[in-house]
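Notes for the one structure printed next.
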Amino acid sequence: MGFVNGRFIHDMHGRAIGQLNGTHVHRLRGQYVGELDNQMVVDKHLGNLGNIGNPGNPGNPGSPGNPGSRGNSGYTGHADVFHKLLEE
């Protein structure tokens, strides 16, 4: 689980783990992971959109606190790939 702050995706401790280029989600090192859809990182089978490079240090905005229940965010029909942002 994580959150978006500006053009970066952070884990729940505030550590930047990904970056956004429009709806395209990339690891901090630049590799394409998936698409942002309904506040989820999903695989829409768009192929490899390449590497956008390392953005430098985006900083740590801190923990967002307790986000509470998101409820049913709606199933998009696409596989969740958020875990790929956490892989080394």
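Taking the condition within 14 Å of PHE82 (Cβ to Cβ) and surrounded by fewer than 16 Cβ atoms within 10 Å (Cβ to Cβ), does MET12 pass? So MET12 fits the description; yes. Of the residues making up region 63-88, those that are at pLDDT 70 or above, outside any helix (DSSP H, G or I) and within 16 Å of ARG15 (Cβ to Cβ) number 4. Taken over region 49-62, the residue count meeting the criterion of being part of a loop (DSSP other than H, G, I, E, B) and either touching a strand residue (DSSP E or B) at 6+ places or on another chain (Cβ under 6 Å) or touching a residue at least 60 places away in the same chain (Cβ under 8 Å) (or both) is 5. Would you call ILE17 touching a strand residue (DSSP E or B) at 6+ places or on another chain (Cβ under 7 Å), modelled with pLDDT under 90 and either under 18 Å from ALA79 (Cα atoms) or among the aliphatic types (A, V, I, L, M) (or both)? Considered against the rule, which asks whether it is touching a strand residue (DSSP E or B) at 6+ places or on another chain (Cβ under 7 Å), modelled with pLDDT under 90 and either under 18 Å from ALA79 (Cα atoms) or among the aliphatic types (A, V, I, L, M) (or both), ILE17 comes out as no.
The values are calculated or read from the model by the stated rules, or taken from the named source; none is laboratory data. The shown structure was predicted, so the numbers you read here are calculated from the model rather than taken from an experiment. Quick reminder, even Gly has a Cβ in these numbers, built from the backbone with ideal geometry, and neighbours come from all protein chains shown.
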